[in-house]
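The values are calculated or read from the model by the stated rules, or taken from the named source; none is laboratory data. In this text the structure is predicted, and so the values were computed from the model without any measurement. Using ideal geometry, Cβ is built from the backbone for each residue, glycine included, and neighbour counts are taken over all protein chains shown. The protein model used for the area step is the full one, side chains on, heavy atoms only, and it has no ligands, DNA or RNA in it. Shrake-Rupley method; radii C 1.70, N 1.55, O 1.52, S 1.80 Å.
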Amino acid sequence: MSTDQPPIHHYLWAMGATAASIPVGDVVAQRYQVVAPQIWLDLHPEELPQVPDRLSGIFLSYLRLYPHRLHVPEVYGVCSGTDSEVNTPIILLDNAPIDNKGELYPAITTAWSNASPVRQIYWLWQILELWQPLAELGVAATLVDPEQVRVEGWRVRLRELVRNGTSDSESTSIPGSMSRHKKDSSTGASRGTTTLPHSRTQASLQQLGKCWESWCKTASVTVAAQLRDIAQQMQTPNPSFEAIAAQLNQLLLTQSSQLPLRLEVAGLTDTGPLHDHNEDSCYPLRSDLTPEPDPLIPHLSIVCDGIGGHEGGEVASHMATQSVKIQVRALLAELLEDPELMSPSLVAQQLAAIMRVVNNLIASCNDQQERESRRRMGTTVTLALQLPQTVIQSDSEGNSHELYIANVGDSRAYWITPDYCQQLTVDDDVATREVRMGRSLYRHALQRPDSGALTQAIGTKDAESLYPHVRRFILEEDGLLLLCSDGVSDNNWLESVYADFANDVFSGKLSLEAAVQFLVDQANQRNGYDNASVVLTYCGVSPQYPVVLNLDGLQLEKNAQTIELETEMPATEEPVAGEDEEMSEPIEVEATSSSQDWFKIILGVFGILVIILSAGAAVFIAQWLLNPQAFQQMRDRFSPPQPIEQPESVPDSPSP
């Protein structure tokens, strides 16, 4: 498998009317090339961009929504001095819904009618999940603007945030004064203002319901009526957010449970080339994949990265792994006893509680051993649980396809397909904290010497100060769920190899065991300074169809061909009337295959008959060996014995 990939272009979304007026092909500030309207390519991504003097207003909205970066773009920086006439600052957004070719992902209204019923409901569920955090920051109007709501496969992505408002006269501006990092060699800052997107009315659930109702007109027929009912319920005077969420969740699980689900898992951990001990722990490893059934496999995967040295980190990571396994086993047993479906919020509370129990277990060991400050052992924990809840319907039942991911620390989870590599978790480190607190843009926060230091881990403090992150996903497409320690994810090299790697796994060229070995080898080669751990789960939802006989080599023509036959008729003095016209027309006959193709077909049919006859003979032989009496009765039924006619007795001749 090739690991040489072309460099990933850094495309940005340039906000505002000023950016929209710049022609395609221009180079702005000797750094950004305009490749499409409002889509800019950073020609010097190694340099830090400009930042505003104050991070306020709309900037804070983006910064505080950083935990939702799976859906919300991030502020990359600002740009001014575009030319002699345009000198207003332009906000540049990173992590925007732009593909590797520099094109925007489609709007949800464009992709809506071609999506499956499950995906349509899942998109709405994600929008509903985003409603409350965006409403708290006054930017919920984004979700009722279809142009801002984009989709990348299963994922909803926002192009830019739109502030709520009450009139057209209201506007939001940013100051033109900006600071520039010392690594940026461009010219000085300029002055001016930029008007940000502003909604005409205050966003509300009623507005969102009205928007959804318009989409329901082209929804899948299997769910259109239910979605319309939910949309109309949202437009009532005082809609209940909880009731709407519960109703939408039930519809989502009902549809997802009708899909098949195949899971396969493999894990591997390695000390690395520069260490003599391994502080990582993961589950399951090859030694855990025993012939005896285990309810945890393949539903649970765990990666832990210990901190505190050989005597601490190694112990903490193994303690965390074992404790999580015990508690999840109890959770699954509880699910089997209670047929009622657990709500997403209740499952999230359960997983957060599991994390806190693990935390208290390790913290208690620290206290018993009188470990203080940096001597206290701890660990990161990232777990993924495919919760096997059974959705029972009148005519069927199936797995709910729910995937829960809980994490503390900087061990990550990724969702990988041949089309994209999506980071599902957010790190608990100093750089992330600075962004969430509104103090710095992410690129600049990474310049801190302590940017990668953990802000929370399992076991270092009491559970009261622990805030686990828990998120639910729905498995509705084929993909690979990757859990890994930072020894694998550092330097973001996964984004450059995922395409070939995923293609090889999906095509069967690479087994899961070989895939995890490849990832660990690549981590040791590209990073190498830390332990490396990987757990990879294949999630398949596409139907599989059995193949009886492969006739790919037989190419038969689908369309009939017209063949002209030259027929020589004997001359007659009085031909039959109409015979000449009839024979002069070409005869249309159905095309036949060559003799070689017919031979292959006959051979294939003969092979099938041989297989059927052999199977029948095997059944009869097995019946005869296992139950001779029943076999005799069956034979007598189909072939009753014929009485043997005895010859008439001939009287003995009298003896002479």
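In this structure, is Tyr442 among the aromatic types (Phe, Trp, Tyr) and over 22 Å from the mean Cα position of the chain (by Cα)? Working first, answer last.
On the way: among the aromatic types (Phe, Trp, Tyr): yes; over 22 Å from the mean Cα position of the chain (by Cα): yes.
So Tyr442 passes the test.
Pairs, please: C-beta under 6 Å, at least 6 apart or cross-chain, first residue in contact (Cβ under 8 Å) with a residue 12 or more places away in the chain and within 14 Å of Trp125 (Cα to Cα) and in the range 210-238, second open to solvent by less than 80 Å² (accessible area, probe 1.4 Å) and of a type in the set (D, E, K, R)?
Close Cβ pairs satisfying both conditions: Ala231/Glu213.
Those residues that are among the polar types (S, T, N, Q) and farther than 22 Å from Gly540 by Cα, I need them from the range 257-289; list them, please.
As a first pass, look at the range 257-289 and keep what is among the polar types (S, T, N, Q): 257-258, 269, 271, 278, 281, 287.
The answer is Thr269, Thr271, Asn278, Ser281, Ser287.
I'd like the residue in the range 132-149 that is among the hydrophobic types (A, V, I, L, M, F, W, C) and open to solvent by 20 Å² or more (accessible area, probe 1.4 Å) and, out of all such residues, is nearest to Val223 (Cα to Cα). Working first, answer last.
Applying the first criterion (among the hydrophobic types (A, V, I, L, M, F, W, C)) to the range 132-149 yields 134-135, 137, 139-141, 143-144, 149.
Those left that are additionally open to solvent by 20 Å² or more (accessible area, probe 1.4 Å): 135, 137, 144.
Details: Ala135: 27, Leu137: 32, Val144: 21 Å.
Looking at residues that are among the hydrophobic types (A, V, I, L, M, F, W, C) and open to solvent by 20 Å² or more (accessible area, probe 1.4 Å), I get Val144.
Out of all the residues in the range 32-46, which are part of a loop (DSSP other than H, G, I, E, B) and either modelled with pLDDT under 95 or open to solvent by 50 Å² or more (accessible area, probe 1.4 Å) (or both)?
To start, the set of residues in the range 32-46 that are part of a loop (DSSP other than H, G, I, E, B) comprises 37-38, 43-46.
Result: Pro37, Leu43, His44, Pro45, Glu46.
Please go through the range 325-367 and give me each residue that is of a type outside the set (A, V, I, L, M, F, W, C), within 28 Å of the chain's Cα centre (by Cα) and more than 25 Å from Gly378 (Cβ to Cβ), ordered by number.
Of everything in the range 325-367, those that are of a type outside the set (A, V, I, L, M, F, W, C), within 28 Å of the chain's Cα centre (by Cα) and more than 25 Å from Gly378 (Cβ to Cβ) turn out to be Glu334, Pro339, Glu340, Ser343, Pro344, Ser345.
So, of the residues in the range 112-138 that are assigned to a helix (DSSP H, G or I) and of a type in the set (Ser, Thr, Tyr), which turns out to be nearest to Val156 (Cα to Cα)? Full working, then the answer.
Going residue by residue through the range 112-138, those that are assigned to a helix (DSSP H, G or I) are 112-114, 117-136.
Going one step further and asking which of them are of a type in the set (Ser, Thr, Tyr), we end up with 113, 122.
Working: Ser113: 15, Tyr122: 9 Å.
Here the answer is Tyr122.
Please report, ordered by residue number, the strands (runs of 3 or more DSSP E) entirely within the range 347-424 with at least 1 residues that are under 23 Å from Ser533 (Cα atoms) and not hydroxyl-bearing (Ser, Thr, Tyr). I'd like the intermediate steps shown before the answer.
On the way: elements: 378-387, 390-392, 397-399, 402-408, 412-416, 421-423.
In the range 347-424, 378-387, 402-408, 412-416, 421-423 are the strands (runs of 3 or more DSSP E) which contain 1 or more residues that are under 23 Å from Ser533 (Cα atoms) and not hydroxyl-bearing (Ser, Thr, Tyr).
So which of Leu351, Leu454, Leu361 is open to solvent by less than 10 Å² (accessible area, probe 1.4 Å) and either closer than 30 Å to Asp338 by Cα or touching a residue at least 60 places away in the same chain (Cβ under 8 Å) (or both)? Spell out the reasoning first.
Values: Leu454 fails: open to solvent by less than 10 Å² (accessible area, probe 1.4 Å); Leu361 fails: open to solvent by less than 10 Å² (accessible area, probe 1.4 Å).
Checking each option against the conditions leaves just Leu351.
Quickly run through the range 490-531 and pick out the residues that are among the small types (Gly, Ala, Ser), at pLDDT below 90 and within 21 Å of Asp270 (Cα to Cα). It would help to see each step written out before you state the result.
The first filter runs over the range 490-531 and keeps only residues among the small types (Gly, Ala, Ser), leaving 496, 499, 502, 507-508, 511, 514-515, 523, 528.
With the extra rule that they be at pLDDT below 90, the set shrinks to 496, 499, 528.
The answer is Gly528, and nothing else.
Just one of the numbered conditions (1) free of Cβ contacts under 8 Å to residues at least 60 places away in the same chain; (2) touching a Cys at 6+ places or on another chain (Cβ under 9 Å) is not true of Glu495; which one?
Against the list (1) free of Cβ contacts under 8 Å to residues at least 60 places away in the same chain; (2) touching a Cys at 6+ places or on another chain (Cβ under 9 Å), Glu495 comes up short only on (1).
Of (1) more than 25 Å from the chain's Cα centre (by Cα); (2) crowded, with 21+ Cβ neighbours inside 10 Å; (3) modelled with pLDDT of 95 or more, Gln322 satisfies all except one. Which?
Just one mismatch for Gln322, condition (2).
Results for (1) among the acidic types (Asp, Glu); (2) surrounded by fewer than 19 Cβ atoms within 10 Å (Cβ to Cβ), shown as yes or no for each residue.
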site: Phe241; (1), (2): no, yes
site: Gln255; (1), (2): no, no
site: Gln258; (1), (2): no, yes
site: Thr271; (1), (2): no, yes
site: Asp276; (1), (2): yes, yes
site: Ser281; (1), (2): no, no
site: Ser287; (1), (2): no, yes
site: Ile302; (1), (2): no, no
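Picking from Glu74, Glu46, Glu103, which residue would you name as being over 25 Å from the mean Cα position of the chain (by Cα) and among the acidic types (Asp, Glu)? Before the answer, list the steps.
Numbers: Glu74 fails: over 25 Å from the mean Cα position of the chain (by Cα); Glu103 fails: over 25 Å from the mean Cα position of the chain (by Cα).
After applying the criteria, what remains is Glu46.
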